[in-house]
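Q: Sharing a structure here in structure tokens format.
The values are calculated or read from the model by the stated rules, or taken from the named source; none is laboratory data. Fair warning: this is a prediction, and the values are worked out from it, not measured in the lab. Positions of Cβ are backbone-derived with ideal geometry, glycine not excepted, and every protein chain shown enters the neighbour counts.
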Amino acid sequence: MTSVFSDKLLTWYQQNKRLLPWRDNPQPYLVWISEIMLQQTKVETAIPYFQRWIDRFPDIATLAEANQSEVLQVWEGLGYYARARNLHQAAKVIMERFNGQLPENPTKLRSLPGIGEYTANAIASIAFHQNYPALDSNISRVIARLIALDLPVSDKNAKQQIHEFVWVQLPNGKADQFNQALMELGALICTPRKPNCNQCPLISECQANQQNRQNQIPRRIPKKSLPHLTVTAGVIWQDRRVLIAQRPQNGLLGGLWEFPGGKLEKDESLHSCLLRELNEELNLPVNIEKKIGVYYHAYTHFKITLHAFCCYPVSRSSPLPLNHQALYWAELNELAHFPMGKIDRQIAHTISKESICLS
């Protein structure tokens, strides 16, 4: 089955692969950036961010020399910001330890921030033409159906069986095309739900299809309901400037700027929550005026509803960055230059467009 399997797959890939900016020119740096961006992100979403990133950081040296704020700003909107911070840090490591060249060896690649086994093998195979399988969730799903593996792909035994199967099928000298072909098949044909089996080049090899179980394999783990948090934020004004705070490096949205505030506690009003949070974070008493808006967002492990309020300091005492890296009083036209998460950027757009609290 080995040669038949890979021949069918590679023939289909050559005829059906999408034209992608990193695929047309598989230089190591471009492959690395694309693989990191495609973690948790669809191809069509990643493409404009990839192009913008390469325009600003065309090589490792340029990326390493940039400041983190600029890196985060170019990444803004793509989410999972640890990826951007890891890229930036890895570029510095590459300049210091690897003479500015992305290493070819998967073990050395895995020593870089943000690169795990899949990403290391993908870079080694696609950029350096080495014979390593790259097993992401798409490929694992494809293989699970091919061998009718009735287990979640996250299961230890499932991972071992998938890994062994791919190693047997891996065509020597063509791992780059083979891995990308499996990725493409999973993205275009063997999709998570309602796979388009009639257009699959491997339908005659697919045991799940033969058993009419392609919609049941791989077995899915029921998703837990996401907890919902209510959050407040203060848009604090003084002398026609607004206070923004930089989040700590470690943690959610690390290094990004925000309008300070925090989570509502049990039996607490929105105003009481905001006053308490601003005191705990900034040691700053404020007067709360009108509400600016209500904003919604879902993160990986929780959802939030955020209530933003216009505030003014009670006195001219200076706020203290008790829970933040830095504080800054910004003019409205400066806000665009500070990297922010989705909700804080929405608030910035609201107050910039409508001049809320300035009238």
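Q: Kindly check whether there is at least one residue in region 246-268 that is over 30 Å from ALA336 (Cβ atoms) and either among the aliphatic types (A, V, I, L, M) or in contact (Cβ under 8 Å) with a residue 12 or more places away in the chain (or both).
A: Going residue by residue through region 246-268, those that are over 30 Å from ALA336 (Cβ atoms) are 265-268.
Then keep just the ones that are either among the aliphatic types (A, V, I, L, M) or in contact (Cβ under 8 Å) with a residue 12 or more places away in the chain (or both); that gives none.
No: zero hits.
Q: If a residue must be buried (at least 17 other Cβ atoms within 10 Å of the Cβ), out of contact with any Gly (no Cβ under 9 Å at 6 or more places or on another chain) and of a type in the set (A, V, I, L, M, F, W, C), how many such residues does region 331-348 contain?
A: Counting residues in region 331-348 that are buried (at least 17 other Cβ atoms within 10 Å of the Cβ), out of contact with any Gly (no Cβ under 9 Å at 6 or more places or on another chain) and of a type in the set (A, V, I, L, M, F, W, C) gives 5.
Q: Just to be sure I understand, how many residues within region 240-295 are surrounded by fewer than 19 Cβ atoms within 10 Å (Cβ to Cβ), in a loop (DSSP other than H, G, I, E, B) and not aliphatic (A, V, I, L, M)?
A: The number of residues fulfilling the criteria is 13.
Q: Restricting attention to region 310-345, which residues are assigned to a helix (DSSP H, G or I), under 21 Å from GLU277 (Cα atoms) and touching a strand residue (DSSP E or B) at 6+ places or on another chain (Cβ under 9 Å)?
A: If we filter region 310-345 for residues that are assigned to a helix (DSSP H, G or I), which is where we start, we get 332-337, 342-345.
Among the residues that remain, those that are also under 21 Å from GLU277 (Cα atoms) are: 342-345.
If the condition is that a residue be assigned to a helix (DSSP H, G or I), under 21 Å from GLU277 (Cα atoms) and touching a strand residue (DSSP E or B) at 6+ places or on another chain (Cβ under 9 Å), then LYS342, ILE343, ASP344 are the ones that fit.
Q: Sticking with this structure for a sec: Among the residues that make up region 123-135, is at least one of them aromatic (Phe, Trp, Tyr), crowded, with 18+ Cβ neighbours inside 10 Å and over 27 Å from ARG85 (Cβ atoms)?
A: Taking region 123-135 as the starting set, the residues that turn out to be aromatic (Phe, Trp, Tyr) are 128, 132.
Retained after the next criterion (residues that are crowded, with 18+ Cβ neighbours inside 10 Å): 128, 132.
Adding the requirement that they be over 27 Å from ARG85 (Cβ atoms) leaves none.
Taking every residue of region 123-135 in turn, none turns out to be aromatic (Phe, Trp, Tyr), crowded, with 18+ Cβ neighbours inside 10 Å and over 27 Å from ARG85 (Cβ atoms).
Q: Additional query: Quick one: ILE203 ticks every box in (1) assigned by TED's automatic domain parsing to the domain that holds ALA158; (2) under 26 Å from HIS349 (Cβ atoms) bar one, so which box is it?
A: (2)
Q: May I pose another question? Every residue in region 66-82 that is more than 8 Å from the chain's Cα centre (by Cα) and either modelled with pLDDT of 95 or more or not hydroxyl-bearing (Ser, Thr, Tyr) (or both), please. Steps first, please.
A: Within region 66-82, the subset more than 8 Å from the chain's Cα centre (by Cα) is 66-77.
Result: ALA66, ASN67, GLN68, GLU70, VAL71, LEU72, GLN73, VAL74, TRP75, GLU76, GLY77.
Q: From (1) part of a strand (DSSP E or B); (2) touching a Cys at 6+ places or on another chain (Cβ under 7 Å); (3) surrounded by fewer than 22 Cβ atoms within 10 Å (Cβ to Cβ), pick out the condition that doesn't hold for VAL231.
A: Condition (2) is where VAL231 drops out.
Q: Within region 273-316, track down each residue that is more than 15 Å from ILE236 (Cβ to Cβ) and of a type in the set (Val, Ile, Thr).
A: Answer for region 273-316, where residues must be more than 15 Å from ILE236 (Cβ to Cβ) and of a type in the set (Val, Ile, Thr): VAL294, THR300, ILE304, THR305.
Q: While we're looking at this one, here's another question. Could you please tell me which pairs satisfy a Cβ distance under 7 Å, a separation of 6+ or placement on different chains, a first residue in region 110-138 that is touching a residue at least 60 places away in the same chain (Cβ under 8 Å) and closer than 27 Å to ARG193 by Cβ, and a second residue that is among the acidic types (Asp, Glu) and surrounded by 20 or more Cβ atoms within 10 Å (Cβ to Cβ)?
A: Pairs found: THR119/GLU35; ALA122/GLU35.
Q: Could you grab me the full set of residues in region 40-65 that are touching a Phe, Trp or Tyr at 6+ places or on another chain (Cβ under 7 Å), surrounded by fewer than 15 Cβ atoms within 10 Å (Cβ to Cβ) and under 18 Å from LEU112 (Cβ atoms)?
A: Matches in region 40-65: ASP59 only.
Q: Follow-up. Which of the residues belonging to region 230-241 are touching an Asp or Glu at 6+ places or on another chain (Cβ under 8 Å) and farther than 15 Å from CYS273 by Cα?
A: ARG240, ARG241
Q: Being within 17 Å of the chain's Cα centre (by Cα) and modelled with pLDDT under 95, is that true of even one residue in region 49-65?
A: For region 49-65, residues within 17 Å of the chain's Cα centre (by Cα) and modelled with pLDDT under 95: absent.
Q: Now for a different question. From the list ALA208, ALA148, pick out the single residue that is touching a residue at least 24 places away in the same chain (Cβ under 8 Å), surrounded by 21 or more Cβ atoms within 10 Å (Cβ to Cβ) and more than 30 Å from ALA298 (Cβ to Cβ). Spell out how you get there, then give the answer.
A: Details: ALA148 fails: surrounded by 21 or more Cβ atoms within 10 Å (Cβ to Cβ).
The conditions single out ALA208.
Q: Among the residues of region 282-293, is any touching a strand residue (DSSP E or B) at 6+ places or on another chain (Cβ under 8 Å), of a type in the set (Asp, Glu), closer than 21 Å to THR350 by Cβ and modelled with pLDDT of 95 or more? First the steps, then the outcome.
A: Step one: filter region 282-293 for residues touching a strand residue (DSSP E or B) at 6+ places or on another chain (Cβ under 8 Å), giving 282, 284-293.
Retained after the next criterion (residues that are of a type in the set (Asp, Glu)): 289.
Within this subset, residues satisfying the condition of being closer than 21 Å to THR350 by Cβ are 289.
Filter once more, so that each one left must be modelled with pLDDT of 95 or more: none.
No, because not a single residue in region 282-293 is touching a strand residue (DSSP E or B) at 6+ places or on another chain (Cβ under 8 Å), of a type in the set (Asp, Glu), closer than 21 Å to THR350 by Cβ and modelled with pLDDT of 95 or more.
Q: Going residue by residue through region 255-271, is there one that turns out to be under 22 Å from GLU76 (Cβ atoms) and either in contact with a Pro (Cβ under 6 Å, 6 or more places away or on another chain) or outside the structural domain of ALA326 (by TED's automatic domain parsing) (or both)?
A: yes
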